[in-house]
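Please read the structure below before turning to the comments.
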Amino acid sequence: MLGVRRFALKDITIGGVRIPVGGRVWVSLISANRDGTHFASPASFDPTWRSPGPKMSMRSSNAAGAVRC
């Protein structure tokens, strides 16, 4: 799966684009964590990486935590 579809719960503007409540948003999983302004090494893979913030223990592409098989 390369991405997931989500629906806006409220009116929001992302990157200068207005998304109305109920609007569809395609979230690309393959582009997650690639922002160099937020990640020191966005092109590298480090399974031990942890966010310094209290709400995110793993990178966002791992959704709700460690991946389980």
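The values are calculated or read from the model by the stated rules, or taken from the named source; none is laboratory data. Values in this document were obtained by computation on a predicted structure and should not be read as measured data. Cβ placement follows ideal geometry from the backbone for every residue including glycine, while neighbour counts extend to all protein chains displayed.
Of the residues examined, residue 65 is one that is part of a loop (DSSP other than H, G, I, E, B), modelled with pLDDT under 85 and on the phi > 0 side of the Ramachandran plot.
One residue stands out among those in the range 14-60 that are in contact with a strand residue (DSSP E or B) (Cβ under 7 Å, 6 or more places away or on another chain) and exposed (fewer than 10 other Cβ atoms within 10 Å of the Cβ): the one that is modelled with the highest pLDDT, which is 24.
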